[in-house]
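Reading through the C-alpha cells given below for one structure.
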Ligand SMILES: Nc1ncnc2c1ncn2[C@@H]1O[C@H](COP(=O)(O)OP(=O)(O)OP(=O)(O)O)[C@@H](O)[C@H]1O
C-alpha cells in the first residue's frame, strides 16, 4: 500500500503560536490530502486565521513543523509557498487598478515568467468567471466579484493548495452560492482549506471538517462519516466550543 505521505499536500505538526505569554494556537496538527476540501470551523478568536497565516508562510510558528508538498516551509519558504494560493480575510486588492492590471501584478509577485503572464491572467479570469470584467476598476466591482478577483490572484500560479479565509463574508445569498460553486470546482483538481463560520457552507462544500477551539483542534472528521453516524454538525460544534471558561483540553 502506498505511503499516506504521498497523498498529503500539507502537513503541519504540533504547531504553536504565542503572543507574549499567551498561546493562541496550541500543539495543533493539521493534514490536507490531495483533492480534498477541508472546512476549518471555530468560534471568533479560536485561532483559525493565525493557523492559516502560519501554514501559508505569513507568520512564523513559535514551534512545530510545516511541510508543503514535501518541502519544509521554514527551511525553503519560497519553494514551499509556490505550492500555495492564499486569499486572506482582508484581501490585498487595489481599488484603483483594473482586474487585468491587478492580476498581472499578482502573476509577477508569484514569479510567473513574463512570457506566461498574459496566459495565466486569462486562465485565472476564466476559472473565476471574470473574463468580461478585465477592464473594470476593482473598486467599482460588487463585493462578490471582488472576492472572485481575490481568488483569481490566489490561483494564478496554479498552486496545489488553495487557502481561503472566510471568503463568503459580506456576500449576498446569490454571491455566496456562486462562490461555493467556485470553491467546489477548485476542489476537483486541488486541495482546499476553507475557513468559515457558516456550518451549512462546510456541509455543502467540504469533504472533511476540523473544529478549533481556544487554539486547539477539537474535532477532525470526514463529513461522510459524520453524516453516516447521524451526527449533527451544529450540535457538535456547540458541544465542543461552548463553556469557554471551563474547557480543559
Ligand atoms: N498580533 C496579535 N497580537 C496579539 N494577539 C493576537 C494577534 N493576532 C491575533 N491575536 C489573538 O489570537 C487569538 C486568535 O485570533 P485569530 O484571528 O487567529 O482567531 P480566528 O479564529 O481567526 O477568529 P475570527 O473567526 O474572529 O476571525 C485572538 O484572541 C486574537 O485576539
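The values are calculated or read from the model by the stated rules, or taken from the named source; none is laboratory data. As the structure is a prediction and not an experimental result, all values here were calculated from the model. Using ideal geometry, Cβ is built from the backbone for each residue, glycine included, and neighbour counts are taken over all protein chains shown.
Taking the stretch 43-57 on its own, how many of its residues are within 11 Å of the ligand (Cβ to nearest atom) and more than 27 Å from residue 224 (Cα to Cα)? Talk me through it step by step, then tell me what you get.
If we filter the stretch 43-57 for residues that are within 11 Å of the ligand (Cβ to nearest atom), which is where we start, we get 43-54.
From what is left, the residues that are more than 27 Å from residue 224 (Cα to Cα) are 45, 50, 53-54.
Qualifying residue count for the region: 4.
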Revision key, fill the gap. From the option list 219, 186, 164, single residue qualifying as closer than 30 Å to residue 14 by Cβ and assigned to a helix (DSSP H, G or I) is 186
Exercise for review: Would you be able to tell me the number of residues in the stretch 195-204 that are away from the ligand (no atom under 13 Å from the Cβ) and surrounded by 22 or more Cβ atoms within 10 Å (Cβ to Cβ)?
Suggested key: 1
Review point. Scanning for something in the same structural domain as residue 54 (by TED's automatic domain parsing), over 19 Å from residue 208 (Cβ atoms) and surrounded by 16 or more Cβ atoms within 10 Å (Cβ to Cβ), does the stretch 162-171 turn up at least one residue?
Key: yes
Practice item. Consider residue 60 carefully, then state whether it is under 25 Å from residue 156 (Cα atoms), more than 10 Å from the ligand (Cβ to nearest atom) and part of a helix (DSSP H, G or I). Key: no
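Going by the structure shown, is residue 40 within 12 Å of the ligand (Cβ to nearest atom), touching a helix residue (DSSP H, G or I) at 6+ places or on another chain (Cβ under 7 Å) and under 19 Å from residue 217 (Cα atoms)?
Values: within 12 Å of the ligand (Cβ to nearest atom): yes; touching a helix residue (DSSP H, G or I) at 6+ places or on another chain (Cβ under 7 Å): yes; under 19 Å from residue 217 (Cα atoms): yes.
Spelling it out, residue 40 is indeed within 12 Å of the ligand (Cβ to nearest atom), touching a helix residue (DSSP H, G or I) at 6+ places or on another chain (Cβ under 7 Å) and under 19 Å from residue 217 (Cα atoms).
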Review point. Pick from 10, 28: which is away from the ligand (no atom under 16 Å from the Cβ), buried (at least 20 other Cβ atoms within 10 Å of the Cβ) and outside any loop (DSSP other than H, G, I, E, B)?
Key: 10
Review point. Could you list, in sequence order, the residues of the stretch 210-233 that are within 15 Å of the ligand (Cβ to nearest atom) and touching a strand residue (DSSP E or B) at 6+ places or on another chain (Cβ under 6 Å)?
Key: 210, 211, 215, 216, 217, 218, 219
Exercise for review: Mind telling me which of the residues 131, 82 ends up being within 19 Å of residue 162 (Cα to Cα) and either in contact (Cβ under 8 Å) with a residue 24 or more places away in the chain or away from the ligand (no atom under 16 Å from the Cβ) (or both)?
Suggested key: 82
Check your understanding: Looking at (1) modelled with pLDDT under 90; (2) closer than 22 Å to residue 85 by Cβ, which is the one condition that is false for residue 164?
Key -> (1)
